[in-house]
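The values are calculated or read from the model by the stated rules, or taken from the named source; none is laboratory data. Given the structure is predicted, the values throughout are model-derived calculations rather than measurements. With ideal geometry, Cβ positions are generated from the backbone for all residues, glycine too; neighbour counts draw on all protein chains shown.
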Amino acid sequence: MRPIAPRRIEHLLVPLDGSHLAEASLTAATHLATELSAHVTLLHVLERNAPARIHGERHLTSAGEADAYLAAVASRFADQGIAVECHAHPNPEGDVAAAIADHASEFEADLIVLCAHGQGGMRGWLSGAMAQKIVRRSTTPLLLIRLDAAGRPPTFAPGRVLVTLDGTNHGEAALPVAEALALGLHLPVKLIVAVATVMTVSGDKAAAARLTPAATAAALDLKEEEMRAYLSALAAALQAEGIVTEIELARGDAVRVITEITERSGANILALATHGRAGLDALWAGSVGSKVVTRVAGPLLLVHPPERTAD
């Protein structure tokens, strides 16, 4: 376990594509900016070969149109006393996710706030596809907001921050950002670890686990004890920072465990480390983070771990 170093969140980057659906992120961005005393940059990236309409609305096709649109949105923040800037990227881009990641770095943003919707390009935000593309390219944490079941902008009133961990430095990558949100929003934290059973061991260890079930079960029981001690030590460190902290360890498939705990915990933020893999790349890599992104309905805090570790 590494020493906890909370990451300050003072600058939010909010990418918008000009549609009302994308604006579902504004409620969360406004809440965060107010509670964290953060300033906001609104971003629109012009898309190469963009269609005439997006989500039934006319697409922004010029920097002038984008500037006017962003200025209108910015007035909502300014009216609430939130410092806000606008930037319309004037050069049409073929890779919008890469452009957003580059702007996050250039503007030194501490958190990207994005709504999931659509199907490709600036429209490829369904199931977090755009978010995962950005995470693959960026070291800036990303808060993914989803539309509710009826396709409407959600309320943003999390009751706690859930953090998925696996006992590695990779898994802890999301912890400093989660702690910063918990401190700034005055929320408790729940630390979650899933330990496999013999039947849910995956990857290249699965065959060996089935061939030696007794030895595997004993090893997994020891792993559970190790993880309980790890969680207790981590919880004590967070509580020393003034954060109310709970722990939960469950046995079984990690994706199922994380999804079920999140669903029964109510309206919360789920924080996890992920390289942002998607599609077949995620399937072959056995990426837990990318699978969770497609299954959890509430806000997701996605943090890219150090490159030297594997997902």
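Numbers for the structure displayed
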| item | result |
| --- | --- |
| Hits in the range 30-49 (condition: within 12 Å of residue 62 (Cα to Cα) and of a type in the set (A, V, I, L, M, F, W, C)) | 45, 46 |
| Count of the range 159-172 residues which are hydrophobic (A, V, I, L, M, F, W, C) and either surrounded by fewer than 24 Cβ atoms within 10 Å (Cβ to Cβ) or free of Cβ contacts under 8 Å to residues at least 12 places away in the same chain (or both) | 0 |
| Residue ID - surrounded by the most Cβ atoms within 10 Å (Cβ to Cβ), chosen from residues in the range 20-73 that are under 19 Å from the mean Cα position of the chain (by Cα) and part of a loop (DSSP other than H, G, I, E, B) | 21 |
| Among the candidates 188, 153, residue that is over 13 Å from the mean Cα position of the chain (by Cα), modelled with pLDDT under 95 and not hydrophobic (A, V, I, L, M, F, W, C) | 153 |
| Number of the condition not met by residue 193 [criteria: (1) surrounded by fewer than 20 Cβ atoms within 10 Å (Cβ to Cβ); (2) in a strand (DSSP E or B)] | (1) |
| Qualifying residues in the range 257-266 (those that are touching a residue at least 12 places away in the same chain (Cβ under 8 Å) and either among the hydrophobic types (A, V, I, L, M, F, W, C) or surrounded by fewer than 16 Cβ atoms within 10 Å (Cβ to Cβ) (or both)) - the one nearest to residue 218 (Cα to Cα) | 257 |
| Check on residue 58, modelled with pLDDT under 95 and of a type in the set (Lys, Arg) | yes |
| Members of the range 21-55 that are within 14 Å of residue 145 (Cα to Cα) and either modelled with pLDDT of 95 or more or out of contact with any Gly (no Cβ under 9 Å at 6 or more places or on another chain) (or both) | 23, 24, 25, 26, 27, 28, 29, 30, 31, 32 |
| Unique match (being surrounded by 15 or more Cβ atoms within 10 Å (Cβ to Cβ), under 16 Å from residue 173 (Cα atoms) and at pLDDT 95 or above) among 302, 270, 249 | 270 |
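Here is a yes/no grid of residues against (1) under 16 Å from residue 14 (Cα atoms); (2) surrounded by fewer than 19 Cβ atoms within 10 Å (Cβ to Cβ); (3) out of contact with any strand residue (DSSP E or B) (no Cβ under 8 Å at 6 or more places or on another chain); (4) modelled with pLDDT under 85:
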position	(1), (2), (3), (4)
107	yes, yes, no, no
111	yes, no, no, no
115	yes, no, no, no
126	no, yes, no, yes
130	yes, no, no, yes
134	yes, no, no, no
141	yes, no, no, no
144	yes, no, no, no
149	no, yes, yes, yes
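For every residue, the table says whether it meets (1) out of contact with any Phe, Trp or Tyr (no Cβ under 7 Å at 6 or more places or on another chain); (2) of a type in the set (Val, Ile, Thr); (3) within 28 Å of residue 298 (Cβ to Cβ); (4) part of a helix (DSSP H, G or I).
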{"site": "187", "(1), (2), (3), (4)": "yes, no, yes, no"}
{"site": "210", "(1), (2), (3), (4)": "yes, no, no, yes"}
{"site": "216", "(1), (2), (3), (4)": "yes, yes, no, yes"}
{"site": "219", "(1), (2), (3), (4)": "yes, no, no, yes"}
{"site": "239", "(1), (2), (3), (4)": "yes, no, yes, yes"}
{"site": "242", "(1), (2), (3), (4)": "yes, no, yes, no"}
{"site": "256", "(1), (2), (3), (4)": "yes, no, yes, yes"}
{"site": "261", "(1), (2), (3), (4)": "yes, yes, yes, yes"}
